[in-house]
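Let me begin by presenting the structure, written as structure tokens, before commenting on it.
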Amino acid sequence: MLAVKVIDVAQGIGGIAHRQDGVEEAEAALFAWDQRLTDELASKLAARRSHEPPLTALRRAMDDTLPSFAAQTGWHARKKLFSAYPELRTKILHAVFRLETRLIDILTDCIGCPAGSLYPRLLAAATGSVFRAAFTTWTPETGIKGLQALIDQAFGHLAAGLSVPAS
């Protein structure tokens, strides 16, 4: 059932080769950004200076990555599809988990922690949560600046210890 929905909704943003099963093409159309974003964020994080605090490095690497994320077309349509078909959100989670795995390896090296340490995993999970929360809150009509503002706000909450914001 989900495969049919993925095909149906992906056709709404086009670019899908028509095949009998079509699932791989549909997922590629919806999630083409996944690997490119992961690669670029990982590269930008690895290039950051090691004297920079890790959370700051992650935040700046994400800032540096957002322009290419924004350059992808069809975000309005994708966001509407993810809202209309909440079951597709598990695919977003899988993409974020793949990103976190890459970040853990880079952070472990940059920080100099032993493999399997908690701290790099926590930083990677926090970064994944920042992106996931910002993306699901974001309204594409606000453009990339709206997404950037939400990411900045989320990182700010993390840096402040997640204290309850003043109303």
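The values are calculated or read from the model by the stated rules, or taken from the named source; none is laboratory data. Nothing here was measured: the structure is a model prediction, and the numbers come from that model. Surface areas here come from the heavy atoms of the whole protein model, side chains and all, with no ligands, DNA or RNA. Shrake-Rupley method; radii C 1.70, N 1.55, O 1.52, S 1.80 Å.
Residue ranking by accessible heavy-atom surface, 1.4 Å probe, largest first, among Ile111, Ile151 comes out as Ile111, Ile151. Using a probe of 1.4 angstrom and keeping all protein chains present, the accessible surface of the range 72-151 works out to 51 square angstrom per residue.
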